[in-house]
Each structure stands twice: as structure tokens, then as C-alpha cells.
1. Determine which member of the set V552, V491 is surrounded by fewer than 18 Cβ atoms within 10 Å (Cβ to Cβ) and within 30 Å of R441 (Cα to Cα).
2. Of the residues that sit in segment 230-243 and are of a type outside the set (S, T, N, Q) and farther than 13 Å from I195 by Cα, which one is nearest to the chain's Cα centre (by Cα)?
3. Please go through segment 452-472 and give me each residue that is crowded, with 17+ Cβ neighbours inside 10 Å and more than 26 Å from T492 (Cβ to Cβ), ordered by number.
4. Out of all the residues in segment 315-332, which are in contact with a Pro (Cβ under 7 Å, 6 or more places away or on another chain) and surrounded by 19 or more Cβ atoms within 10 Å (Cβ to Cβ)?
5. For segment 692-702, how many residues are in a strand (DSSP E or B) and touching a Lys or Arg at 6+ places or on another chain (Cβ under 6 Å)?
6. If I go through segment 229-272 residue by residue, how many of them are without any contact (Cβ under 8 Å) to a residue 40 or more places away in the chain and touching a strand residue (DSSP E or B) at 6+ places or on another chain (Cβ under 9 Å)?
7. Checking R72 against (1) assigned to a strand (DSSP E or B); (2) in contact with a helix residue (DSSP H, G or I) (Cβ under 7 Å, 6 or more places away or on another chain), only one condition comes out false. Which one?
8. Between residues in segment 366-384 that are at pLDDT 95 or above and residues that are surrounded by 18 or more Cβ atoms within 10 Å (Cβ to Cβ) and not in a strand (DSSP E or B), which pairs lie under 7 Å by C-beta distance while being six or more apart or on different chains?
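The values are calculated or read from the model by the stated rules, or taken from the named source; none is laboratory data. What you are looking at is a predicted structure, and each value in this text was computed from that prediction instead of being measured. Positions of Cβ are backbone-derived with ideal geometry, glycine not excepted, and every protein chain shown enters the neighbour counts.
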Amino acid sequence: MKLRSFVTLFFAIALFFPFWTLAQNSTASGGASIRGTVYDPHGRVVPDASVSLIDSLAQAAQTETNARGEYRFDGLRGGTFTVAANVPGFTKVSTETKLARDKAVTVDLHLELSAVQEQVVVSASLGGALSSQIGSSVSVVSQQEIQDEGVETLADALRNIPGVNINRTGQMGAVTSAFIRGGSSNYNLVMIDGIPMNDFGGGFDLSPLPVDGVEDVEVMRGPESALYGSNAVAGVINVVSETGEGAPHFSFLGEGGSYDTWRLATEGTGAHDGFSWAYSLSRLSTQGMVEDDTYRNQTSIVSLGYSRSPRQKFFVHFFGDAGRDENPGPWGSDPDGLYPGIAAAATFQTQDLFGYQANYTEQFSNRFQQVTTVSAATDQYGFPSGSGNSFTDNLRITANTRSEITLSAKDVLVAGFEYDREQYKDTFVTDSSGVPLTLPRNTYAFFAENRWNGGDRWFLSTGVRVDAIQTGAIAADEVDAGRPFIPAASVTQVDPRISVAYLARQGSGALGMTRIHSSFGTGIRPPDGFELGFTNNPNLKPERSISFDGGVEQRFFGDRAVVDVTYFYNRFIDQIVTLGGSFANLSTFTSANIANSRADGVESSMRVHPLRSLELAAEYTWLNTAILALNGSTTDVQLPFTVGEPLLRQPRSSAGYDATWTHGRLMLNSNASIRGAVLDLEPNLGSFACELGLQCLFRNGGYVDVNAGFAYRLPRGVEIYGHVNNLLNDKYEESFGYPALRLNFMAGVRFNFPAEHGGPGD
């Protein structure tokens with residue numbers, strides 16, 4: 001109790017202190033400043049360019065240029081800074097600028113045509129880091145790329161990231177999962193503006209996440225539990241929403257197309273006198289290909305900020321989503337002939353997903369900064385039916401405070417504490433009176449990370465996190481008849497991480513910079529509600545991963561082309577196996593940490609920007625996965641699998657491309673996702689089909705999904721656009737038994753107020 005009291009007092013002080021200091025410093029302070037103008041390759045000013053101020057290997061502030069291409073950062077304490085500017089297809093990073101206290105420095109930036117976007121990735125390190133200085137494998141999908149591809153859901157925007165496989169069990173609104181480097185679908189930490197959104201035990205359905213209001217999406221491949229704790233077993237997906245910058249700007253769009261699909265959205269951003277704001281409201285609806293296949297979804301995102309100077313920043317983020325989905329179930333492949341014998345009544349599902357966050361940053365000196373964050377996320381499912389309604393509720397509350405200390409101009413130390421509270425409640429986990437029980441879990445964590453830059457060529461990041469994971473007890477008199485007593489359990493987990501980037505060659509000619517990058521780390525995933533509540537083994541340990549990767553990035557022709565090839569190896573251990581049991585008597589299930597698997601492969605990607613008007617990207621992933629024997633055996637695995645068999649829905653080969661051509665006001669785009677064959681389950685009963693003497697594992701063939709679209713900017717901020725999906729009219733099933741949409745289209749119009757300025761590509 002003393003430890004808990006201390007932690008409670010610590011966070012109370014950490015959370016209320018920022019508001020007191022903000023009140024004490026409500027007037028603008030002086031200090032040093034950096035300002036300048038961003039120019040395109042022809043010397044013309046560039047409005048609306050994104051400009052980042054980087055201090056001691058981390059992002060200190062971000063802004064956009066005004067209509068005259070000007071930017072400025074005021075209220076700085078002095079030190080060594082780097083300024084990076086980006087617009088799609090163009091980038092520039094300044095040399096280091098030493099800024100004396102109370103002085104003003106002008107740094108003008110002349111953008112260069114580039115296939116490389118030098119930008120700050122906020123999820124790659126505690127506090128963020130410049131992309132070229134990151135040793136981990138990170139991909140960033142920008143807002144412009146999302147708009148060029150014309151996708152309606154965020155999951156579709158992630159399909160061409162190396163090492164990432166997106167799988168949807170049906171049409172829009174159906175459960176959508178991400179498999180990263182052979183990891184399970186519940187091995188990925190999903191964040192929205194840094195808010196952990198995963199359900200109890202790591203699961204997360206990507207289907208409700210829209211593209212509206214999204215600034216970019218960062219995908220880190222490899223375990224990151226040393227940074228973020230639970231659920232970052234195979235990777236991290238961080239959705240970064242738009243924030244208020246510059247003069248007020250609004251947009252409205254409406255689109256419609258095949259299968260009675262329509263979408264409406266509005267967005268707005270702005271900043272004035274230290275206050276910033278951004279919002280996004282959207283609604284999506286579709287009827288699907290068959291009867292009882294409807295989906296509608298509405299989402300809102302709000303970001304508010306207050307900052308009189310880069311020394312003090314206060315932000316509030318909100319994400320809300322309400323979805324309604326009617327699913328007809330599988331209606332495609334039926335190799336066991338079960339459709340006539342199984343009632344094919346449609347299922348109805350509601351989902352309400354919400355996230356809240358408050359963040360305060362106080363820079364006490366040019367060497368010390370404190371960042372405090374409190375967030376909450378809820379995910380509630382409802383399943384109305386004629387035989388009775390059921391539900392699943394998830395709650396997660398996270399409080400985190402960290403100190404960022406600049407030991408030198410080349411060395412930064414970050415350390416802090418985190419408290420995480422999870423709760424799970426389900427219709428079928430009940431007490432002796434049939435009332436649903438709450439499964440609680442508390443996690444107390446300490447973490448530290450050191451970022452070191454040696455001589456402008458070496459970038460080394462090391463970190464460690466210690467998690468004390470405590471699962472609460474359920475008293476014996478609360479347990480449903482036939483269900484075992486669930487005692488309290490505590491597990492302490494230590495997760496290390498190291499990543500290194502080395503600039504082996506620096507140059508701007510035909511053979512440009514050569515960057516070698518590598519990382520090593522471990523990850524954890526505590527048991528989910530089924531594994532704890534429906535089985536007789538509450539003392540399950542977290543599942544774990546051990547991973548290594550290493551690769552080479554080579555740039556060509558003055559950064560107009562870049563190629564990256566990376567090898568990775570993942571070993572998944574202590575995986576939970578559920579054996580035996582019957583859904584008629586849930587207490588008959590058993591579970592244990594005895595399963596193992598591995599995945600290794602090669603990710604290769606290429607981006608080329610040979611002309612001002614043309615940008616090309618392509619990726620290919622070779623993945624080798626295998627189910628390994630259970631602990632203590634050389635031949636036994638969980639039935640119906642065999643040793644050496646590939647993991648479910650994990651393709652040996654996958655690839656994709658994206659090509660964008662612009663000329664004046666016209667944009668043309670073509671993109672494709674290519675997936676090889678996978679091992680899949682019987683769509684009706686899954687692995688239970690084998691218990692009935694039927695075949696339950698099948699080969700699901702690959703597919704080629706080609707899409708094409710256009711956009712044309714009319715005068716006065718009006719833009720018309722359209723895109724055709726599955727251009728080849730390929731007949732395939734992304735998930736076995738669920739046919740994909742055949743040839744279909746969407747078209748729409750977007751209004752921008754005020755009218756957007758032309759960029760360097762015009």
C-alpha cells in the first residue's frame with residue numbers, strides 16, 4: 001500500500017503542477033528566436049510547408065509557413081538547433097545552428113526534389129527523432145499519400161508498408177487486422193495521438209479508423225515494449241491527427257459510389273495568439289454486395305492546444321467513433337459444405353470507441369524538460385440478437401510522466417514512470433448470480449532511454465522498461481458455478497531495446513548517402529479476457545517476443561531515389577495455448593504458456609522521384625513463418641496444426657506499388673496490393689471443424705488488387721476526384737469464405753476555404 005500511495009501522490013503532483021505553472025506564466029516571455037523563409041527549387045516562396053525545429057535529437061516545436069513562405073519559432077532558451085522543412089516530394093534540413101540566449105537567427109531553407117522525407121517520427125523514440133537518425137524500421141504514410149490513393153479507411157492506407165499484412169474478414173466495417181512481421185493480430189500496439197487504444201489483452205479492430213483528420217500514420221516494425229510496455233510485441237501503429245497551425249483553414253467533402261456507398265467529412269485547423277485548434281467530423285455508409293451487409297460509421301477528432309512559447313505546451317486530444325455493422329457471415333468458399341446445415345442469420349454489432357488525452361510539456365531550462373500525459377480509452381461492443389443481447393466492455397487509463405535531460409549537445413536521457421489500469425467485462429464472465437464480473441489489471445512501470453549522436457555519423461538509442469503487471473483476484477463467492485476461483489497474480493517483466501543508425505557514406509552525387517540501421521528488442525502481451533476469464537489457469541504469464549533486424553538504405557542521384565533492404569528475425573515464446581473445452585461449459589477450457597513460433601524474412605522498398613511531376617514507390621516482403629513444437633516436445637503442437645506449418649493468414653510473398661503523376665492542377669494515381677497464398681481456416685467453424693472430423697485448414701489463393709484514380713483542382717478551392725478499385729475485376733477472398741468487392745468506384749468533390757496555394761510541384 002505504501003508503494004501505491006507514493007505513486008498516487010507522485011502523479012497528483014505531476015498532473016496538477018503543470019496547470020499551476022501555466023497560470024504563473026500566462027504572459028508571453030522573451031527569449032531567442034529562429035525565423036526564415038522556405039523557397040522551392042526555383043526560388044519561389046512555399047506557403048503551407050511543414051517546418052520542424054529539432055533540439056538535442058528531438059522535436060522542440062512544429063509550425064507551417066504562412067502565405068509568404070515565412071516561419072518563426074519564438075521564446076527559445078538558446079542551444080543548438082536544426083530546422084527541417086517538408087512538402088510532398090520536397091525536403092530540406094538545415095545545418096546545425098547555435099542560438100545564443102535572447103538572440104534572433106534567420107535560417108532560410110531552399111527545398112530540394114527528394115524521394116526521402118526528412119521528418120520527425122514521434123513514435124520512434126520518447127520525444128521523437130529525425131527519420132534518418134532512427135535505427136528501427138519505420139514507415140510513415142502521409143496525408144497527401146492517403147488522399148492520392150483515394151482510400152476511405154486507414155487500414156487500406158497501410159497495405160503497401162513493407163512487412164505489414166492487412167486482413168479484413170468481409171466488407172467495409174468487418175473485423176480488420178494487421179499482421180506485422182509474422183506477429184499475431186493482437187501483437188500490435190495501436191495509438192491515436194499517443195493514446196493506447198488496444199483492448200484488454202492487445203486485440204484491436206482497425207475497421208473503424210477513418211482517414212479524415214489524419215496528418216500521417218507511423219508504423220514501427222519490431223517489438224517496442226521498452227518504449228511502450230504491453231502489446232508492442234511485433235510493432236506499433238501510431239495515428240497522428242492534424243493540429244492547429246497558421247491561419248484558419250476549412251475543408252468539406254462529399255463522395256459516393258458503388259454499393260450505395262457515401263461519405264461526408266469536414267475538417268478545420270487554425271492557431272492564434274498561442275491557442276490552436278483542429279477538428280474533423282466524418283460519416284461513412286455502405287450497403288455491401290449482399291443482403292444484410294450494411295455498415296455505417298461516424299467519427300469525430302478534436303485537438304486543442306495552448307502555448308505561449310515552445311517552453312510551455314498544453315494539448316487536449318479527443319477521438320470518438322460510433323459504428324453499426326450488419327454482417328451476413330461467410331458466403332463464399334464452403335469446401336466442407338456447411339452452409340445448408342448452419343443457420344446463416346446475419347449478426348448485428350455496435351461499437352463505440354473513444355479516446356481522451358491531456359498532455360503538458362514544461363521546459364525548465366535548455367537542458368531539462370518535463371512531459372506529463374494522462375489518457376483514457378474505452379471500447380464497447382454490443383451484440384443485439386433475438387436470443388438475447390450480449391456485450392464486451394474495455395477500459396484503459398494511462399498516466400505517464402517523463403523527464404528529458406540534455407546531458408550534452410549529442411546525448412539525451414529520458415526517464416519516467418507510468419501507471420496503466422485495464423478493465424474487461426463480458427456477458428459470459430459472471431458471478432454466481434449471473435452478473436458480469438470485471439477483470440482488472442494494474443501495471444506500474446519505470447522506463448529509461450538514452451539517445452546518443454556520435455560525430456554526426458553514429459546514432460545510438462538504448463532503453464529499458466520494467467513492468468510490474470498485477471491482475472486482480474475474483475473472490476471465491478463471486479465465481480459462477482463450475483468456474484474456478486481466480487486469484488491475484490503478479491508478473492515483473494524487463495524489456496530492453498537497442499537501435500543504431502550509421503551513416504557509412506555521405507554524398508549527393510549519383511551514389512549518395514549510405515545508411516546502415518539495426519535494432520534489437522523484446523515485447524510482451526498479457527493474457528486477454530478469454531484466456532483469463534474462460535479458462536482454469538489465471539496465472540498465465542505474458543506472451544513474449546525476441547527480435548533482431550538489420551538493413552541498408554542507399555540513396556542515389558541527389559536523394560531522388562532511395563532503396564532499403566532489411567532482414568528481420570522474430571521468435572515468439574510463452575504463447576498461450578487453449579486446449580479442450582466446450583462452449584456449453586466454458587470452465588472446461590484449459591490454457592498454458594507452452595506454444596512457440598518464429599518468423600524471419602526480408603523487406604525491400606524503393607522510392608523514386610525522377611521528375612518534378614512523377615513519384616514512384618514499390619515494396620516487396622518475403623516472409624518465412626513456422627509453428628514450433630510445444631515446450632517439452634519435439635513433435636506436438638496445438639491441433640490441428642503440425643510442426644513447421646506456416647502461421648495463419650501470413651503470406652510467403654507480398655508486394656505493392658504506388659505511382660503518382662502531377663501536372664499543374666491534375667493528379668493521376670495508380671496503386672496495387674499483391675498477396676501470395678496463405679494458410680486459412682474453414683470460415684464457419686474454424687478449427688472446431690476438425691473436432692467434427694472435417695477439414696479445417698485450407699489454402700487461400702493470392703490476389704492482385706489494382707486501383708487507379710485522379711484529382712483535379714478547379715479555381716476557388718474546389719477539387720473533383722474519383723478512383724476505381726479492383727481495376728482488374730479480380731475474384732478473390734482476402735479471408736477464406738468472404739469474397740472481396742469486384743470492380744467498383746467512388747467519386748467526389750472537396751471544397752477548401754480559403755483556396756489552397758499551389759506547391760512546388762505546380
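1. V491
2. Residues of segment 230-243 that are of a type outside the set (S, T, N, Q), as a first pass: 232-237, 239-240, 242.
Next, only the ones that are farther than 13 Å from I195 by Cα stay: 232-235, 242.
Values: A232: 11, V233: 13, A234: 12, G235: 8, E242: 15 Å.
Result: G235.
3. If the condition is that a residue be crowded, with 17+ Cβ neighbours inside 10 Å and more than 26 Å from T492 (Cβ to Cβ), then W452, N453, F459, L460 are the ones that fit.
4. Result: D321, G323, P330.
5. 0
6. Total satisfying the criteria: 9.
7. Looking at each condition in turn, R72 falls short on (2).
8. Every condition considered, the pairs that remain are T372/A14; T372/P18; T373/G194; A377/M197; D379/D199.
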